[in-house]
Amino acid sequence: MNKKLQQIVIFLGAPGSGKGTLSRLCEDRLGWKQLSTGDLCRHHIEHGTQLGKEIDLCIKSGKLVADSLIIEMVVQWLEEHAREYQTVILDGFPRTRVQAESFLNLTKTAFPDVALKVYQLIVPDQEIIERISTRVVCSNSNCQAIYSERKLGADWDDKRCVRCESSLIKRSDDAPEKIAVRLDNYYQHVKNLLDVYKEANIEIISIAASGSSERVFQAVNDHERMDA
Ligand code: ADP
């Protein structure tokens, strides 16, 4: 593939706000490419890399991984893959002011002509908690497709991933006491992130993301058509 990277789209939202599901819809229907730092972290853990060993405990307890490790991971991914796609989605990155500032500095030098925008997904906490506590994911770290117990039914652990046929599991950080830690992380950092984007004149599109993922995808798609 030899497409030139034209835009980087940041999906900003609390854990469980639907960034991952929306990313998969954008990949399937718009040809975008998702870079999920959470998926990358879990991939490193499953493959027992040095980085995976360093971040394992952090992830399981719902805490954020050190900025320097995450930034290194993202820079490496962008250097290797970004130019293969026209649009790259950042899902779960940047999550802190330091990450956002480093990322914007990087784009200024490495991708000066690439457009940046932020889609912020807004979902009430009650719905977030309900979604995460019923979330089920594909156990294959190359896939990590997202499902819901509510749709799969009580016998979800007898079912297989429709994408890759692997078994389905619950994420260890989706346990109720970890959800609170993760939501706190989000609210602690989101205002700083929005401030950094506003200062850099990056477009921020807020989307009410309760309800169906199809409706959220349509809102993004409509906005993209307007921008085209
Ligand atoms: P969620 O958005 O539902 O919390 P993710 O899969 O995006 O799930 O992230 C899972 C975990 O991976 C986070 O709780 C955190 O430990 C780690 N992580 C992912 N992205 C980042 C990041 N940008 N900065 C720090 N830690 C991260």
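The values are calculated or read from the model by the stated rules, or taken from the named source; none is laboratory data. Quick caveat, the model's predicted, so the values are computed rather than measured. Cβ atoms come from the backbone with ideal geometry, glycine included; neighbour counts cover every protein chain shown. What goes into the accessible areas is simple: the full protein's heavy atoms, side chains included, and nothing from ligands, DNA or RNA. Shrake-Rupley method; radii C 1.70, N 1.55, O 1.52, S 1.80 Å.
Descriptive notes on the structure:
- Members of the stretch 5-27 that are open to solvent by less than 10 Å² (accessible area, probe 1.4 Å), more than 15 Å from the ligand (Cβ to nearest atom) and of a type outside the set (A, V, I, L, M): Cys26
- Taking the criterion of being among the β-branched types (Val, Ile, Thr) and either without any contact (Cβ under 8 Å) to a residue 12 or more places away in the chain or closer than 14 Å to Ile8 by Cβ (or both), the residues of the stretch 38-92 that qualify are Thr49, Val74, Val75, Thr87, Val88, Ile89.
- Residue among Ser206, Ser212, Ser172 that is more than 16 Å from the ligand (Cβ to nearest atom), more than 15 Å from the chain's Cα centre (by Cα) and either modelled with pLDDT under 95 or open to solvent by less than 30 Å² (accessible area, probe 1.4 Å) (or both): Ser212
- Helices (runs of 4 or more DSSP H) wholly inside the stretch 33-111 that include at least 2 residues being polar (S, T, N, Q): 50-61, 67-81, 97-110
- Only listed residue being touching a residue at least 12 places away in the same chain (Cβ under 8 Å), out of contact with any Lys or Arg (no Cβ under 9 Å at 6 or more places or on another chain) and not acidic (Asp, Glu), chosen from Arg97, Arg135: Arg97
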